[in-house]
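Visitor: This is the structure I want to talk about, given as structure tokens.
Here, each number is a calculation from the coordinates, and none is a lab measurement. Everything quoted here is computed from the prediction, not taken from an experiment. Cβ sites come from the backbone with ideal geometry, for glycine too, and all protein chains shown count toward neighbours.
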Amino acid sequence: MSNILTMAMPKGRIFEEAVELLRKAGYKLPPEFDDSRKLIIEVPEEGLRFILAKPMDVATYVEHGVADVGIAGKDVLLEEERDVYELLDLNISYCYLAVAGLPNTKMNEVAPRVATKYPNVAEAYFREQGEQVEIIKLNGSIELAPIIGLSDRIVDIVSTGRTLKENGLVEYERIKDVTSRFIVNPVSYRMKDQQINDMVKRLSEVV
Amino acid sequence: MSRLFMFEKPLGMRDTLPGLYEKKSRVRSLIGDTMKLWGYQFIETPTLEYYETVGAASAIADQQLFKLLDKEGQTLVLRPDMTAPIARVAASKLLNEDLPVRLAYSANVFRAQQREGGRPAEFEQIGIECLNEETVSCDGEVIALLISSLKKAGLQQFQVSIGHVGFAQELFVQILGTNGRADILRKYLFEKNYVGYREHVNSLQLSSIDKQRLLQLLELRGGEDVIGQALDIMEQDSGKQALLDLKELWDVIKDYDVAAYVKFDFTIVSHMSYYSGILFEVYAGNVGFPIGNGGRYSLMEKFGKSASATGFAVRMDMLLEALGGGQQENSTHCIFFSQERRKEAFKLAEKMHEQGKQAVLQDITGVKNLDAFTKRFAETTYLIGGRTDE
């Protein structure tokens, strides 16, 4: 078994903050890290290999063990329910999951419809509220759905609220705060415990 | 539903083709022989059991069971594991004399189909149960046999992590007072959500010492010294017995000379209600999921017999993945013959079979592409017309 620790990183918004955090924790990451289009970046000096994945897929790579550890948003963990250890709250990329819709509207009483990228989160949330809703899964630009009449409500992540505002939507309920988490594959957590413990220690000192 | 293509199998079902079959049966016999040497006797149980009995007793969650109805309308399940069927047969028959019983099995078990790849709905488990034997020596024997079996199968890098079902629960109840409160923490631990666990602990009205004790639980992983640390945070005697048992277990494991493969890990908890003592998981370096697990359980009580047992089960698919490639050398000999020398060919094959060599008889007129066909064999002999070519 190799001593290289493979880390799954979310591309996009969270990536830069995650890289900054790793640097703060003392990991020497090469400069090309910041604008590389590569999907795999080796950093042998640190005994690390990074794979760059879609944020929604990070937990999948980690659960299957092709990545030992990863950085994933709590929204992804709630939606995907992967069997991974959620060891640290990294306190980066803060946002929250919320229910939004057109102002001063009620949900359809017969068949309330909710459009979302997070069908599991949305269904669980409305069920807890004692409401059975119909879920429509979308992959992006969720705000469109209520505007053009596809759904009564949407469930999406909100960071500044600007997108909602610009599209004339309002927030109805806040579901859960979201930050990025350090996650670990259960087997790696045992088989590479020294490397992972070291990483947890270094990261927890800077979060 | 869309029309099925003829090549399709039900979701999660897999074929075992010759190459894999060979490898699987070799590993199965290496492990099986080890188990037999240790005095474990193989048994078989039915593939179908009653939902009300074995299905309900099984550790596998209800939604993971394959269910069907029999003629009388009784609900049946495809067995989801072997532990529950063995507990049934042991409680009703084999434990009548109240002696220790050592049983082994290798069987296919069934779990609900899942959309995602890498999760077969039918897979083989090979394992043992040491029943009606409650000593720590027995727990140690099971772990030592697990390690010995994996080594015999050729697995080099693996680790057994041992926890205890009672420790976390006892600690939670001692500090929090009620089972209900303990369950909240146990759920976080089971879901591997340490962030949630810590947040919950910090939100509780507890002394900082008690909070510290709860947080330290997450760190209790490692060698023998972990038991000392666990003893420090377990203040009351009721939780200490489990730890003293584990200390003794460590000595047993050392006497078996397998301590290098073993670590303690008090963060392992189980959703399974039937575990009553130690529980453990086995990990191999290059496989993302545990390749096996086990523990002490008191499942026979559900079948009307008060006895406990310790056992383990190894997942054959995961183990084979851990063992990796290594194509077995093909030693099969092919004898091509034409009609006039058929009898001679049969005699030769018979002789080779007697010597334990694999030899295929092939009528030369039955093969269209001779070159491609001969490549599949280590050696060939031609008994055709007048010539003999090796």
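Visitor: I need two numbers for the protein assembly as shown: Rg to one decimal and Dmax as a whole number, Cα atoms only, in Å.
Guide: Rg then Dmax for the protein assembly as shown, in Å: 28.8, 97.
Visitor: Oh, and also: For the pair A:Asn3/B:Gln241, report the inter-label distance in nm, with labels modelled 7 Å from Cα in the Cβ direction.
Guide: Modelled inter-label distance: 4.5 nm.
Visitor: If you look at just the Cα atoms of segment B:3-323, how large are its Rg and its Dmax in Å?
Guide: Over segment B:3-323's Cα set, Rg and Dmax evaluate to 20.5, 66 Å.
Visitor: A further question follows. Amide H neighbours of B:Val360 under 5 Å, at least 5 residues apart or on other chains, H built in the peptide plane: list them.
Guide: B:His333, B:Cys334, B:Ile335
Visitor: Using the basic label-point model (7 angstrom from Cα toward the beta carbon), what is the B:Ala259 to A:Leu150 distance in nanometres?
Guide: 6.2 nm
Visitor: Taking R0 as 41 Å, what FRET efficiency do you get between B:Val360 and B:Asn286 from their Cβ-Cβ distance, rounded to the nearest 0.05? Walk me through the intermediate numbers first.
Guide: Details: r = 35 Å, r/R0 = 0.86.
The computed FRET efficiency comes out at 0.70.
Visitor: From the cross-link list B:Lys36/B:Lys305; A:Lys11/B:Lys211; A:Lys176/B:Lys187; B:Lys152/B:Lys357, which pairs have alpha carbons spaced over 29 Å apart?
Guide: Working: B:Lys36/B:Lys305 26 Å; A:Lys11/B:Lys211 37 Å; A:Lys176/B:Lys187 19 Å; B:Lys152/B:Lys357 24 Å.
Violating the 29 Å limit, Cα to Cα: A:Lys11/B:Lys211.
Visitor: Let me ask you something else. Under a crude label model (7 Å from the Cα following the beta-carbon direction), how far is A:Lys54 from B:Arg26 in nanometres?
Guide: Placing both labels 7 Å beyond Cα along the Cβ direction yields 4.0 nm.
Visitor: Exceeding 32 Å between C-alpha atoms, which entries from my cross-link table qualify? They are A:Lys54/A:Lys201; B:Lys93/B:Lys192; B:Lys23/B:Lys351; B:Lys192/B:Lys240. Mind dumping the intermediate values first?
Guide: Working: A:Lys54/A:Lys201 26 Å; B:Lys93/B:Lys192 39 Å; B:Lys23/B:Lys351 26 Å; B:Lys192/B:Lys240 25 Å.
Where the Cα-Cα span goes over 32 Å, the pairs concerned are B:Lys93/B:Lys192.
Visitor: How large is Rg/Rh for segment B:333-387, to two decimals, with Cα atoms and a Kirkwood Rh?
Guide: On the way: Rg = 10.8 Å, Rh = 11.3 Å.
Over the Cα atoms of segment B:333-387, Rg/Rh equals 0.95.
Visitor: Apply 1/(1 + (r/R0)^6) to the Cβ-Cβ distance of B:Leu4 and A:Val110, taking R0 = 30 Å, and write down the FRET efficiency to the nearest 0.05. Write down the numbers at each step before the final one.
Guide: On the way: r = 36 Å, r/R0 = 1.19.
The pair B:Leu4/A:Val110 has a calculated efficiency of 0.25.
Visitor: Provide B:His333, B:His353 in ascending order of the number of other Cβ atoms located within 10 Å of each residue's Cβ, fewest first. If you can, show how the numbers build up before the last one.
Guide: Values: B:His333 16, B:His353 11.
Placing the least packed residue first, the sequence is B:His353, B:His333.
Visitor: For chain A, place one equal point scatterer on every Cα, skip the solvent, and apply the Debye formula. What is log10 of I(q)/I(0) at q = 0.08, 0.12 Å⁻¹?
Guide: Results for chain A at q = 0.08, 0.12 Å⁻¹ read -0.32, -0.66.
Visitor: Can you give the % of DSSP beta bridges in chain B that are antiparallel, to the nearest 5?
Guide: Details: 46 of 61 bridges.
Restricted to chain B, the bridges split so that about 75 percent are antiparallel.
Visitor: Can I ask one more? Let me check the size of segment B:129-228 from its C-alpha atoms; what are the radius of gyration and Dmax in Å?
Guide: Over segment B:129-228's Cα set, Rg and Dmax evaluate to 17.3, 52 Å.
Visitor: When we measure straight from the Cα of A:Lys117, which aspartates and glutamates land under 18 angstrom away, once same-chain ones fewer than 8 places off are left out?
Guide: Leaving aside aspartates and glutamates fewer than 8 places away in the same chain, those within reach of A:Lys117 are A:Asp57, A:Asp75, A:Glu79, A:Glu80, A:Glu81, A:Glu134, A:Glu143, A:Asp152, A:Asp156, A:Glu171, A:Glu173, A:Asp177.
Visitor: What's the center-to-center distance, using Cα atoms, between segment B:340-354 and segment A:43-67 in Å?
Guide: Centre-to-centre distance over Cα atoms comes out at 58 Å.
Visitor: Show that you can apply the helix-only estimate: for chain A, add -39,500 (n - 2.57) for every DSSP H stretch of four or more residues, divide by all residues, and state [θ] at 222 nm to the nearest 500.
Guide: -8500 deg cm²/dmol
Visitor: Here's something else I'd like to know. For A:Asp152, B:Asp210, A:Asp35, what ranking results if the residue with the fewest other Cβ atoms within 10 Å of its Cβ goes first?
Guide: Fewest-to-most ranking of A:Asp152, B:Asp210, A:Asp35: A:Asp35, B:Asp210, A:Asp152.
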